[in-house]
Amino acid sequence: MENDPKLEHKMERIEKATRAYMQKNEGARVDGIITIPVVFHVVYNNAAENIPDAQIMTQLAILNEDFRRLNADADNTWSQADDAEIEFCLASVDPQGAATSGITRTSTSQTSFGTNDQVKFSSSGGKDAWPAADYLNIWVCDITGGILGYAQFPGGPAATDGVVNDYLYTGGPGQATAPFDLGRTLTHEVGHYLNLRHIWGDGGCGVDDFVADTPLSDASNGGCNEGHVSCGTVDMVQNYMDYSDDACMNLFTNGQKVRMRAIFDTGGFRESLLSSTACGTPADPTCTDGIQNGQETGVDCGGPDCPDCPPDPTCDDGIQNGDETGVDCGGSECPTCPCAGTDVNVSITLDNYPEETSWSITDGNGVTVAQGGTYGNQADGSTVSIDLCLEDGCYDFIINDAYGDGICCTYGNGSYSVTAGGNSVASGGSFGSSETTNFCLGGGNGPTCDDGIQNGQETGVDCGGPDCPDCPVEPTCTDGIQNGQETGVDCGGPDCPDCPVEPTCDDGIQNGQETGVDCGGPDCPDCPVEPTCTDGIQNGQETGVDCGGPDCAPCNPTGCTTVNIDFNDFEGGFGIWNDGGSDCSLNNGSTFASSGSRSIRLRDNTNSSTTTTDNLNLAGYTEVVIDFSYYARSMENGEDFWLQASTDGGSSYATLVSWSRGSDFSNNSREYETVTITGTFTSTTKFRFRCDASSNSDFIYLDDINISGCVNTAREITEETTLNELASDKISKVKIFPNPTYNLLNVNYRSNSDSQVQINVLDMSGRKVMTQNTKAVKGSNSEKLQVGELNAGIYYIHLNNGVDQIIKKFVVIK
């Protein structure tokens, strides 16, 4: 970037195009197998460095196996491993069109090369690159400093584009040097050439490689550090883009596949490789191919098969030869030829990206008669001027910008002008990808308003522009006018959609001036207000004004602070569930709740089976919700139980709700209950559970007992709850934050056992857009999801351990 100030901007453009490609539907992406022609440049100082053809062919085979996931060591450690559908062929045609082995060999006096690209130039003891638009250049040499290889990312100069690999690490077992003897050094470097970053993003946990399905990592891994954990996840040490030993590497992911293929999309940096003929059949030399080949002594002349070469051209031999543009005129040696038509000048002041600008002139038959660009060798902001001689007739001048931002005025102040016979016929600079201007030359063929041709400054045939009458409006189906063969405004006839049926207020369609289906507008009754959580009305499924129900936040009366009191974890303070005598006790030995839980067992072996709380200061509460779960065992005799409340400190209790076996619950099943109580509560409020008393030792377990509600005070009561659920494979306490998020989503949850958990992200249509598999441990767990590649919108996160599953909603913002 120090040597080329524009490189950073080029790479930003490539990254922007890559992100746009990754958002495309699969059907809109580059399809099929991509084949890249390869040329190996072996630059050697001694016989050991001059590796044999067989070693190169082994390396080429390894590249094809790795990028097609045909490698023998491929396994199922990572489900996102994928076939990149990219193959490599050894070039059979050189840049001159002649046959080649695809391998060049250059003896050098240099004992070794560094990473300064000297190996890529013949002038510094290396080998010049073949055209980067048609070949992947791979230089094999001795690299100093312990470097195995290096590559150039997309966006750099064509003269240095490609990969450099040390000769000691090229090829396979028995050829290359262990532990880098399976050819994965070149697989890794070609990954960079195709725009992949290192798996750890070359930074800590906050730095990414721009691929969603590769876990975050804080550094590279050497050797084969399988199972190593960083950034809260297991490192993908088997990825070709880590620094692991060759025997450990075996995969690219689907996300890396999509990123690599993005640069072959239309307009992509390596799109030209798709049309390369470097792996085709070389042409046989002929006497008319414009190349000096075969036994020719000149271009298409001399030798035993072609006519004798003409004598050197002169400017007075009566022949158009050499680079003359006419007989004895034009070209580099002879005087300028007189113009038989009209002198035309094309002048272009370039912007800061001359390599993006090109132009052409086509005649009335669409044949290109002149063209130029791109101008990568011109200085930024410089002016190019081209003189032409064109016959009388009409032409199109077309100017193009590869990036789509014209030549003025975002990156420089470029402009263009075309003059003919001293008159301006086209000019501009501010356009998108392309701009076309028609012009005519010659008195007899000059533009008129009645010649049946769109020429001059006309915007249509014989109409528009400063000299001709305005063009009539062409009928369309979107111009708001009934024209053409339309039978209504923008509808009917052979070209437009059928006209809608006359609107009514009972046809089940929003038409006419209706603002809703059969409602609104001047003719129909007002539409009902759609329920929202911000309209100040209790509507839809809301249980209060703009609150409650499945879509809105829980109701919270004005001026109240929400509280949540969980009695399962209290050791003191606001309340303790007492055993009430020998009939009720904390259960610490049952298989339904492990030791240390706060599950409560109600037994019926006395006639006073109750469980109560200490007094709670509930003064000012306006609503209390009691949530709990219960699990009934051995209730053969029709046991039932109930929840009671006292507001006088326990002197008297009133039954709030009761549950009966057979009608409300069944044995051996987990049930959940929510009881909502409204009214005025005092500082002496108590609650208790009670069951009827017989003597058959039946019992019921209570768990997850929570009291929540709203209190008109400034205090907020909070208590983190740690529950041992009755079900052994329960997922609970799921928290996701931040929500909304723009990049990283934290997922915290508890698992009641060691288990495999799959985390899926679904869009609003239910389509799975991201999957992450992890091994949960008993207790607290934390995962991080990289969601920055997702489009802005609403998504669902789905946790599933094969037994239990939880769904939460979150929002991605940009």
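The values are calculated or read from the model by the stated rules, or taken from the named source; none is laboratory data. Everything numeric here is computed off the predicted structure, so don't read it as measured data. Please note: Cβ atoms are built from the backbone with ideal geometry, for glycine as well, and neighbour counts cover all protein chains shown.
So here's what we get for this one:
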item: Test result for PHE121, touching an Asp or Glu at 6+ places or on another chain (Cβ under 9 Å), over 30 Å from GLU789 (Cβ atoms) and touching a residue at least 24 places away in the same chain (Cβ under 8 Å); result: yes
item: Boolean, ASN773 is in contact with a Lys or Arg (Cβ under 8 Å, 6 or more places away or on another chain), surrounded by 12 or more Cβ atoms within 10 Å (Cβ to Cβ) and in a strand (DSSP E or B); result: no
item: Every pair of residues 6+ apart whose Cβ atoms lie under 6 Å, when the first sits in region 128-141 and is more than 10 Å from ALA91 (Cβ to Cβ) while the second is hydroxyl-bearing (Ser, Thr, Tyr) and in a loop (DSSP other than H, G, I, E, B); result: VAL140/THR170
item: THR718 being at pLDDT below 85, surrounded by fewer than 19 Cβ atoms within 10 Å (Cβ to Cβ) and either among the polar types (S, T, N, Q) or in contact with a His (Cβ under 7 Å, 6 or more places away or on another chain) (or both); result: yes
item: Contacts under 7 angstrom Cβ, first residue in region 270-298 being loosely packed, with under 15 Cβ neighbours inside 10 Å, partner polar (S, T, N, Q), 6 or more apart; result: GLY280/SER92; GLY298/GLN292
item: Some residue of region 471-492 being under 30 Å from SER347 (Cβ atoms), modelled with pLDDT under 80 and either out of contact with any helix residue (DSSP H, G or I) (no Cβ under 6 Å at 6 or more places or on another chain) or small (Gly, Ala, Ser) (or both); result: no
item: When residues of region 410-435 are limited to those that are hydroxyl-bearing (Ser, Thr, Tyr) and either on the phi > 0 side of the Ramachandran plot or part of a strand (DSSP E or B) (or both), the one surrounded by the most Cβ atoms within 10 Å (Cβ to Cβ); result: TYR416
item: Count of region 168-217 residues which are under 15 Å from ILE147 (Cα atoms), surrounded by fewer than 18 Cβ atoms within 10 Å (Cβ to Cβ) and either polar (S, T, N, Q) or at pLDDT below 95 (or both); result: 1
item: Region 496-517, subset out of contact with any Cys (no Cβ under 9 Å at 6 or more places or on another chain) and surrounded by 14 or more Cβ atoms within 10 Å (Cβ to Cβ), residue farthest from GLU474 (Cα to Cα); result: ASP507
item: Residue satisfying condition, being at pLDDT 95 or above, over 22 Å from ALA84 (Cα atoms) and under 23 Å from the mean Cα position of the chain (by Cα), within set VAL258, VAL234; result: VAL234
item: Subset of region 198-225 [of a type in the set (Gly, Ala, Ser) and farther than 17 Å from GLN772 by Cα]; result: GLY201, GLY203, GLY204, GLY206, ALA219, SER220, GLY222, GLY223
item: Selection count where residues are buried (at least 20 other Cβ atoms within 10 Å of the Cβ) and either among the acidic types (Asp, Glu) or farther than 21 Å from ILE34 by Cα (or both), scope region 76-102; result: 0
item: Filter result (out of contact with any strand residue (DSSP E or B) (no Cβ under 7 Å at 6 or more places or on another chain), loosely packed, with under 14 Cβ neighbours inside 10 Å and more than 12 Å from ASN352 (Cα to Cα)) within region 378-409; result: GLY404
item: So GLU65, is it assigned to a helix (DSSP H, G or I) and exposed (fewer than 12 other Cβ atoms within 10 Å of the Cβ); result: no
item: Options SER332, SER347: the member that is at pLDDT 90 or above and of a type in the set (S, T, N, Q); result: SER347
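Results for (1) over 13 Å from the mean Cα position of the chain (by Cα); (2) outside any strand (DSSP E or B); (3) polar (S, T, N, Q); (4) over 17 Å from ASP161 (Cα atoms), shown as yes or no for each residue.
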{"site": "HIS9", "(1), (2), (3), (4)": "yes, yes, no, yes"}
{"site": "GLU15", "(1), (2), (3), (4)": "no, yes, no, yes"}
{"site": "ARG19", "(1), (2), (3), (4)": "no, yes, no, yes"}
{"site": "ASP31", "(1), (2), (3), (4)": "yes, yes, no, yes"}
{"site": "THR35", "(1), (2), (3), (4)": "yes, no, yes, yes"}
{"site": "VAL39", "(1), (2), (3), (4)": "yes, no, no, no"}
